[in-house]
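This report refers to the structure that appears directly beneath it.
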Amino acid sequence: MSKGCGKLDESGAAEVRSDGTYPVKLNKIINLFESLPEDERRETLVSYADNAKKQEPREGESFNLVDVRKDEECMDTVGVYLHVEENGKAHIRMTLGPEVQTLTRAMTAVLCKGLEGSTPQEILDLPSDFVTRIVGAELVRIRSQTIYYVLTRIKSICKVYLDRQRMAQVA
Amino acid sequence: MATHPTQYAHPEALVETDWLEKHLKDDGIRIVESNEDVLLYDTGHIPGAVHIDWRADLQDPVIRDYITPEKFAELCSKNGITPETTCIFYGDKANWWACYALWAFRLFGHEKVKILNGGRDKWKAEQRPMTRDVPKYPKTNYPMPKKRFDKEIRAFADEALAQSEAGKPLIDVRSPGEYKGEITHMPEYPQEGVLRGGHIPKAKSMPWKTATNDDATFKPASDLAKIYFDQCGVKPDTDTVVYCRIGERSSHTWFVLTYLLGLDNVRNYDGSWTEWGNKVGAPIEKGA
């Protein structure tokens, strides 16, 4: 059943949108950040960055896809782990190398929490304009562009998952 | 063959981590952290250190330039700095931004400046104390600098061109790929490209990192002399211009040439490749 202003996706499995654009959990995080004055926004970002470690794979978890690599866009290795339940809900875990910037760590925790339970297609369709609403205009600047990198990596693994699903259906 | 120095020209411009840990509470010093990672200070810093952000604190918010002398005086006053305060800069990325902040302080004539050898990474690797407590210092009344020393330590595009045309020492401290024009961005930062790749004609390539050891400390004076005097053709009696992409890596080299090798006339072309590589009609050489 739909709750609040959210609505069901095509399979009827997950409440995903609160305003037609963002998943409900992500929208709550966006609203939280937008309500904060600049100093508290920084503190909250650091708090999220501190929690990035908690987004790592846990013992006993299994994944449909794992993508661990060091890209030129980021200072260190980033691992993305995707598990999709039978009802289509995605769960994302991530590992970050020690050189990854603090803002990127913060966005990792934001996205793992905010996208929990969304489907891979919903994640793929997600616009990236919310990033500046979370980080704030002052911190989005030259040398902090990797804030978009984590979202790109999450979308990338979702795309691979969906492509494989489609190929399997065709076969 | 010229004899190379065995000691830094200004050894007092460096402090070691061990020394700093023993002098954290000394009067007359202010530890200043400047990083590329915009939130790194917030995650923990050397006790007593203040944060000076290269972008938000040192640059004009609208046009591409530095803050005014009035704003510099406000910045120092807010951080409890007087003209007599010795500012000890440190930061991430092997002190790129620490050297950039130091250079900016010198632009406004602040003379008592030092670098923490090895920067933040060395301090942390040695498991020295860190805190999230943000210090508060009594506000000072830093006098407004009478001038900015652009002419002395900063070069503009026309001056970089003149340096090139005169065949005077001009050092490109970017990566070899950027210098050759194989890439139009810095390694690790493909989102920060420019329109044209290559280097300013006659510039010598000497990546900033050549001056450092693996732990981000500076190489000995004799090694630095070989690198810059022998390989780059820098001469003590000739003015030198250094550049990179936005002026931070070249601030590192500027510090090496000015304080560790003791050259009097070194200027940092901070417009660097983001200006030159986008500038209509600017001459460019490609290749090694």
Estimated Rh, chain B: Kirkwood, alpha-carbon pairs, angstrom: 19.3 Å
Selection of chymotrypsin sites (Phe, Trp or Tyr not before Pro), region B:69-168, meeting DSSP coil and at most 16 other Cβ within 10 Å: B:Phe149, B:Phe156
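Rule-of-thumb check for region B:151-276: C-alpha Rg over 2.2 N^0.38 Å?
Values: Rg = 13.5 Å, N = 126, 2.2 N^0.38 = 13.8 Å.
Dividing the Cα radius of gyration by 2.2 N^0.38 Å gives 0.98.
Around A:Gly79, under 11 Å between beta carbons, what's the net of Lys plus Arg minus Asp minus Glu among the other residues? Mind dumping the intermediate values first?
Numbers: positive: A:Arg69, A:Lys70, A:Arg93, A:Arg153; negative: A:Glu56, A:Asp67, A:Asp76.
Its environment carries a net charge of +1.
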Residue-count net charge about B:Lys168 - beta-carbon cut-off 10 Å; Lys, Arg +1, Asp, Glu -1: 0
Neighbour cut-off at most 12 other Cβ (10 Å), DSSP loop, trypsin sites (Lys or Arg not before Pro), region B:1-81: B:Lys25, B:Arg64
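How large is the direction-averaged shadow of the alpha-carbon convex hull of chain A, in nm²? Intermediate results must be reported in sequence, preceding the final value.
Values: hull surface 42.8 nm².
For the Cα atoms of chain A, the hull's average projected area reads 10.7 nm².
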Longest DSSP-loop-exposure-free segment, GluC sites (Glu not before Pro), chain A, at most 10 other Cβ within 10 Å: A:87-171
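Quick one: net charge of B:Phe105's neighbours, Cβ under 12 Å, K/R +1, D/E -1?
Working: positive: B:Arg30, B:Arg106, B:Lys112, B:Lys114, B:Arg148; negative: B:Asp57, B:Glu111.
Residues close to B:Phe105 contribute a combined charge of +3.
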Amide N of region B:80-105 lying under 16 Å from the label point, which is placed 7 angstrom from the Cα of B:Asp27 along Cα→Cβ: B:81-86
Per-selection Rg to Rh, region B:11-148 - Cα, Kirkwood hydrodynamic radius: 0.94
Relative contact order of chain A, pairs being alpha-carbon contacts under 8 Å that are 6 or more residues apart, as %: 24 percent
Inter-chain Cβ neighbour average for residues B:39-51, partner chain, 10 Å: 3
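Taking the Cα centre of region B:11-148 as origin, work out the dipole magnitude from +1 charges on Lys and Arg Cβ and -1 charges on Asp and Glu Cβ, in debye rounded to 20. Write out the running numbers ahead of the final one.
On the way: 21 positive and 22 negative charges, 61 e Å.
Result for region B:11-148 is approximately 300 debye, rounded to the nearest 20.
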Whole-number percent relative contact order across region B:11-148, with pairs defined as alpha carbons under 8 Å at least 6 apart: 36 percent
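Run the numbers on chain B and let me know its relative contact order in percent, using alpha-carbon pairs under 8 Å that are six or more apart.
Numbers: 579 pairs, mean separation 62.7, N = 288.
Here the relative contact order equals 22 percent.
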Inter-part distance where region B:109-146 and region A:84-100 are each reduced to a Cα centre, Å: 38 Å
Helix-only CD estimate at 222 nm, as mean residue ellipticity for chain B, using -39500 (n - 2.57) per DSSP H run (n ≥ 4): -6000 deg cm²/dmol
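Exactly which trypsin sites (Lys or Arg not before Pro) in region B:243-288 are in a DSSP loop and have at most 13 other Cβ atoms within 10 Å?
Values: sites: B:Arg245, B:Arg249, B:Arg267, B:Lys279, B:Lys286; in loops: B:Arg245, B:Lys279, B:Lys286.
In loop regions of region B:243-288 (DSSP not H, G, I, E or B), the sparsely surrounded trypsin sites (Lys or Arg not before Pro) are B:Lys286.
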Mean-position separation - Cα centroids, region A:102-128 and region B:175-254, in angstrom: 38 Å
Peptide ranges B:139-147, B:40-48 listed from the most packed, as the mean C-beta count within 10 angstrom indicates: B:40-48, B:139-147
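Above 41 Å lies some portion of the pair distances; for the protein assembly as shown, what is it as a whole percent of all C-alpha pairs?
26 percent
Just so you know, all these numbers are worked out from the coordinates, no wet-lab data involved. None of the values given here were measured: they were computed from a predicted structure. Positions of Cβ are backbone-derived with ideal geometry, glycine not excepted, and every protein chain shown enters the neighbour counts.
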